[in-house]
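Student: Right, I'll just put the structure down here and ask away after.
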Amino acid sequence: MSAARIVFIGGLLSYRALFNWLNPWIFIPTLVLLPIFQILLFAFMGRQANLESDQFFVIGNAVQSASTPCLWGMTSAIAGERSSRTLGLLLASPAPRVATFVGRAIPVIANAWIVSLISFAVGAWLLRVDLPPSRWPAIAVLVLVGSVSCTGLALVLAAISLRVRDTATLANSMYGVLLIFCGVNVPLAALPGWMPAVSAWLPLTRTIEATREVAAGASLGHVGGLVLHELALTSGYLLLGICILRYFEASSRAKATLEVV
Amino acid sequence: MTSTVEVTDLCRSFKTSTGLLWRSHRTTEAVRDLSFSVERGELFGLLGPNGAGKTTTIKMLITLLLPTSGVARVLGIDVARDPQAVRSRIGYVFGGERGLYERLSAADNLRYFAELYGVSPRSQRTRIAELLELVDLSGREKERVEGFSRGMRQRLHIARGLLHDPEVLFLDEPTIGIDPVGARQLRELVVRLREAGKTILLTTHYMLEADLLCDRIAVIDKGQLLALGTPTELKSSVDIGQVIEVETFGLPQTAIDRIETLDGVRTVTASVRGHLQLLVVQGHPGAEVTGSVLAAVDDQVVHRVLTREPTLEDAYVALVGGS
Amino acid sequence: MNRVVRAARLVGVVWYLQLRMFAVSAFEALMQLIWPMIFATSAFLIFRVNGDRELLIFAGLGASAMGIWSAMATAASNLLQEERWSGTLELLVAAPAPLALVLAPVALAMATMGLLSMVVTLLWARFAFGISIPVADISGFLVSILVTIAAMAMLGFLLSVSVIRYRTSWALGNALEFPGWLLGGFFVPLAILPDWVKPLSYVFAPTWGLAGMRDAAAGRSPWLQCAICVALGVAYGVIGLLLSKRLLTSARRNATLSLT
C-alpha cells in the first residue's frame, strides 16, 4: 500500500517540483510546437526527396516526439534531486528505492503520451493525412507503448546522469540517436548496412513500425509480436536502469559521490 | 560649490499586479520625499532595514531607474535627463556573487568592462594591473571567476567599479555574505579609497561597519529619511543614556514589567540566548539605573551584568523600531 | 573618427571575449556543433535513398548551413536572460557604452559558432556521406557565407531584445529552430512551401544568403542575393537598435532589468 503511494503521489509531486516544463511558457514551445514543426520539416524534406508519404513522416516523428519529455523529464527528475541537494535526503529516507524511482516514471510516461498524441493529431491535420477514425484507438495504444519503452531507456540515462555532470548533452545526444536510428524518417531497409543492427536494440523502432502497419489497416493483434518484443526490450532497459541506480547508491555510500554537484 | 550627490524630494513608486484573470494593481512607495546630499570626498552611509529603499535610491542615482518625482544630481548632472554623462563618471558595485562572467578570468572580466567604460587601450593594461594589486588579486588574474571565493569576487567587483577612475563610487551592501576576515579586508579597501579622494555612497545594514567607516549616515526606513548626521550625532540625537545588559535565567514576566516602570528606564527588551535570557535596558540620558535594575532582579538568577555606552545599533533600533 | 575606432574596438573585444566564454564550456560548444549535425545526418540519409545527385547537393549545402541558424535561434533568444541571471545585465546598462554595441558583437560571436558548425558539417558530409559540394565561384561563395553570418548576427541581436520580457525564452528559441530551416529553404526549395509563408521567407535573411551560396556554387552571380541579405541585416540592426532604446527607457521606468 505504502509502496503504491510512493509510486504515485511521490512520483507526481517530485515531477512537478523538478521538471519545470509543465509551465505553459515552456510546455507549448518545446512540447507542442517543436514536435509539430519537426513533423513539417521532415514531411517537406520527404516530399522534396520523393521518399515515402506524409503519413510516413507524421507517424515516425509523432511517435519519436515522446522522447523529448521522456529523456528530459526522467533525467531532470533524478539528476535534479542531486542538483537541488535533495538526493541525500531521499536516499536517507526509508522509502523503497525501486518504488521511489519507478514512481518518477509514471508522470513522465503520461506526459510523453499526451505530447505524442497532440503532435500526431495536429501533424495529421496540417498535412491532410487521412486516417479512418476506427484506427485511432489502436494508434493511441501504440503511442502509449512507445512512451513506456522510451521511458525505460530514459531511466538508464537518468541513472547515468547521477554520475555525469552534463545531463543536457546526454539527453540531446540520445534524442539524436533515436531520430537517426529508429526509422523515424528513413525506412530501416534504406539505412546503410550496419545501422539497422543498432536500431534493433533501441526503443521506438518497433513501435514506429507497428504504428505504420496499424495506420495502413492492420489490426492490433497483427502487430502483437512487435509490441511484445518492444515491451521485452523495455523491461530489459528498466532492469538495467534499476541495477545502475542500485550500484551507484551502494558505491556512493562508500565514496560519497552522489552529493557532488 | 555644489554637492557631489544631491537628492531633493526624491520619490519612486512601483506598480505591481498580481492575478491572471482579475489583475489587481497595487502601488508601493519605495522611496518617499527623500532629500540628502553628499559632499566631495565624503564617505556617506545609507542605513536601513531590508526593503527600506536603499537599493532603489542607489539605482536611481546610477541611472538604472527613473525617479517618479523629485530631482537627483550627481556631480551636478541630473540623473534623469543626462544618464550617459553620469554613467561615465560613476562606479557601481553591488554585493553578492552575481555580476561577473564566471567563465572568464578575472583579468578578462576587467578587460571587458574597461572596454565598456571606454578606458583608453593604451592605459588599460597598467590600469588593470594596478587595480588587481589594489584589491589584492595580483597573481590570480588568469584564473576563471567560477573558482573564486565570495570575498575575492567582491574585491574583483570593486576593481571593476574603479576601472575608469570614477569620481563617485556607489557601493550597495558590499560586505553581504562575506566571512569576517573577508569583510574586514573589504572595509580596509573602502577606507583606502576614501583616502584616495573618492566620494563614496555606501549602503549596509551592518551597524559596526557604518560606525567604523562613514563620515555621515542617513537612516531610512519605508522609503523615508529618519535621521541624518555623523555616527556620534546619531548616537546622541536619540535620547538614550546608559545601556545595561543583564544575562539571567528564568526571570518571570512580572519582573520585566516591574523594571519597565522603574525611574529613568526608557525601554526594556528581553530575548532568549541559548539557555539564558538577555535583558537589554536602555536608560534615559543622565539617569543612573544599574542599581535599581539589579535590585529588581533576584540576585540568584543573575549570570552577568554589563554596562555600556549606547552604540549606533542602539540608536538605529530606537530610530527604526520607533518609526 | 575616434568614436568609430572606439566602437569598432569595443565590438572586436566583446566578440573575442564572448568566443572565449563559449570555448570554456567544451560540452556546450560540442552540442552546438553536434545538434545541427544530427539533423544534417537525417537529411543526408533521406536524400541519399533515391540517389538523385542534384537533390543531394541542394540539401547538402543547406544542411551544412543549418548550424548558422540554430546557433542563433537558441543562443540569442536566451542571451539577455542569461545576462540577467548572472547579474551582469544591469552592469551592461549602467555602463556608458550603448547596449546595442555590446549585444551585437555577442550575437556575432554566436553566429561565428554557426560558421564553425558549417565547416564541420561540410566535412562530415564529405567524409561520412561522400557528398562533395562543387563550388564554381569560391570568392562569391565565401562572401555569401560571411554576409549571411553578419545578417544572422543582426537578426540575433533583434531577437534577443525582442524577447527580453519572456522569462523562459530559451524554450521559444528551441521552437524557432525548425521553422527557420523550412522558411530559409535550407532543404527544400521555397517553391514547395505554401504561398502564405513565402512573404516570411522573403524577409528572412538566410533565405537570400543561402540562395547566394547556391548561386555562387553553381557559377551564377550571387551579388544581388548578397545585397538583399545585407539590406535585411541592416534593417534588423536598425529595428533592434530602436527596440533596445525603447526597452531601456521602459526598463528605467518600470524596473524590469534585474531579476530580483
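Student: Just need the Rg to Rh number for region C:121-247, please, alpha carbons only, Kirkwood Rh.
Tutor: Over the Cα atoms of region C:121-247, Rg/Rh equals 1.01.
Student: When the convex hull of the Cα atoms of region C:143-186 is projected onto a plane and the area is averaged over all directions, what value comes out in nm²?
Tutor: Mean orientational projected area (region C:143-186, Cα hull): 3.3 nm².
Student: With the Cα gyration tensor of the protein assembly as shown in hand, convert its eigenvalues to equivalent ellipsoid semi-axes via √(5λ) and list them largest first in whole Å. Could you put the intermediate results ahead of the total?
Tutor: On the way: eigenvalues 702, 272, 98 Å².
The three semi-axes for the protein assembly as shown are 59, 37, 22 Å.
Student: Okay, next question. Using 7 Å Cα-to-Cβ label points, what is the B:A270/B:S35 separation (nm, one decimal)?
Tutor: 4.4 nm
Student: Using only Cα atoms, what Kirkwood radius does region B:238-322 have, in angstroms?
Tutor: Across region B:238-322, the inverse of the average 1/r is 12.9 Å.
Student: Along Cα→Cβ, 7 Å out, is where each label goes; now give me the distance between the ones at C:S250 and B:H284 in nm to one decimal.
Tutor: 5.9 nm
Student: Given A:L157, A:T169, C:S139, which one lies farthest toward the positive end of the charge dipole of the protein assembly as shown, if we put +1 on the Cβ of every Lys and Arg and -1 on the Cβ of every Asp and Glu?
Tutor: Among A:L157, A:T169, C:S139, the one farthest towards the positive end of the dipole of the protein assembly as shown is C:S139.
Student: Along each of its three principal axes, how wide is the spread of alpha-carbon positions in region B:1-91, in whole angstrom units, largest first?
Tutor: 53, 29, 21
Student: Still on this structure, I have one more. Suppose each label sits 7 Å from its Cα in the direction of the beta carbon; what would the A:M195-C:R53 distance come out to in nanometres?
Tutor: 2.2 nm
Student: Where in chain B lies the longest segment free of chymotrypsin sites (Phe, Trp or Tyr not before Pro) that are both loop residues by DSSP (not H, G, I, E, B) and have at most 13 other Cβ atoms within 10 Å?
Tutor: By the stated rule (loop sites, at most 13 other Cβ atoms within 10 Å), B:23-248.
Student: Still on this structure, I have one more. Just the Cα atoms of region C:2-254: what Rg and Dmax do they give in Å?
Tutor: Values for region C:2-254 (Cα only, Rg and Dmax): 18.4, 60 Å.
Student: I would also like to ask the following. Given Cα pairs under 8 Å that are at least 6 residues apart, what percent is the relative contact order of region C:104-181?
Tutor: Working: 29 pairs, mean separation 36.4, N = 78.
So the answer I get is 47 percent.
Student: Okay, moving on. Taking Cα centroids, how far is region B:218-294 from region C:80-154 in Å?
Tutor: Region B:218-294 and region C:80-154 have Cα centres separated by 65 Å.
Student: In degrees between 0 and 90, to the nearest 10, how far off the longest principal axis of chain C does helix C:53-85 point, with axes built from Cα atoms?
Tutor: It works out to around 10 degrees.
Student: Which whole-number percent is the relative contact order of chain B (Cα, under 8 Å, 6+ apart)?
Tutor: 19 percent
Student: To continue, here is another question. Would you work out if chain B is rounded, prolate or oblate? Take a ≥ b ≥ c from the square roots of the eigenvalues of the alpha-carbon gyration tensor; rounded if a/c is under 1.5, else prolate when a/b is larger than b/c, oblate otherwise. Don't skip to the end; give the middle numbers.
Tutor: Details: a/c = 2.15, a/b = 1.71, b/c = 1.26.
Prolate, since a/c reaches 1.5 and a/b exceeds b/c.
Student: Turning to a different aspect of this structure: Lysine pairs in the protein assembly as shown with alpha-carbon atoms under 25 Å apart, 8 or more places apart or on different chains: how many are there?
Tutor: 11
Student: Could you work out, for region A:135-261, what percent of all Cα-Cα pairs fall into each 5 Å distance bin, beginning at 0 Å and stopping at the bin that holds the largest distance?
Tutor: 2, 11, 17, 18, 18, 13, 9, 6, 4, 2, 1, 0
Student: If you take each beta carbon of peptide C:44-54 and count the beta carbons of other chains within 10 angstrom, what is the mean? Write out the running numbers ahead of the final one.
Tutor: Working: counts 2, 10, 11, 7, 5, 10, 4, 0, 3, 0, 0.
The mean count of partner-chain Cβ atoms within 10 Å per residue comes to 5.
The numbers here are math on the coordinates, done by the rules we state, and not lab data. Everything numeric in this text was worked out from a predicted model, so none of it was measured. Using ideal geometry, Cβ is built from the backbone for each residue, glycine included, and neighbour counts are taken over all protein chains shown.
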